[in-house]
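Working notes, structure below.
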Amino acid sequence: MNAEPRPFLTTRFDTALAYASHLHREQLRKGSNIPYISHLLGVAAIAIENGADEDQAIAALLHDAVEDQGGLPRLEDIRDRFGEAVARIVADCTDDLAGTKAEAATPEEKRREWRARKETYIAGLARKPAASLAVSIADKTHNAAAINADLRLHGARVWGRFTGAKDGTLWYYRALADAFAKALPGHAASRFEREVAEMEELAARF
């Protein structure tokens, strides 16, 4: 008699979902009144659709926890609760592991700091393992899709939400698409490329 197949998502995922909801409960998506958990659910959904395993699905729920909710102590808590594999992916998806990004004195300084941080992130993609890249690209895919939806709904004022404004945001997503195409070729990169191409098309209108 064959054993029952092990469920793909176990109670570990349920625990991670509750943990993520607790951490981000008071956080909203940038420029909206949408609870931030919607983004985390969206990223996890895309990761699963792209073929993620349970560790990657959990990391997708927690990918912003370190940067937004506690820095390195939060990463250690994630490691204790969900294991080394999840913690490694979350760390790889985090721009600011300390969770202490300083506020720049002027908008221009803030843009320069943002650009330098994004350039460092993009340059590092080629050195990251495929397990981490799969979660990172799910995050960027959901972000790009949300920008596209907002552009269709609100037009050009959407660009004002972003530190990089219109030109910087377009540069960032095109650079990401090119980097992912090299580092993680396949369905996930193609899906992200379609969102970026749509963003560029919408940007020409708005």
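Read the figures in this text as sums done on the coordinates, not as results from a lab. Given the structure is predicted, the values throughout are model-derived calculations rather than measurements. Counting neighbours? That spans all protein chains shown, and the Cβs are built from the backbone with ideal geometry, glycine included.
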Counting other Cβ atoms within 10 Å, keep those with at most 11, restrict to DSSP loop, and tell me which GluC sites (Glu not before Pro) in the range 37-126 are left.
Glu103
When the convex hull of the Cα atoms of the range 68-206 is projected onto a plane and the area is averaged over all directions, what value comes out in nm²?
8.8
Among all helices in the chain defined by DSSP H, which have a length of 20 Å or more along the axis from Cα atoms plus a Kyte-Doolittle mean of at least -0.5?
130-154, 165-183
Given the -39500 (n - 2.57) contribution per DSSP H run of 4+ residues, what per-residue ellipticity at 222 nm results for the chain, rounded to the nearest 500 deg cm²/dmol?
-22000 deg cm²/dmol
If contacts are Cα pairs under 8 angstrom and at least 6 residues apart, what is the relative contact order of the chain in percent?
19
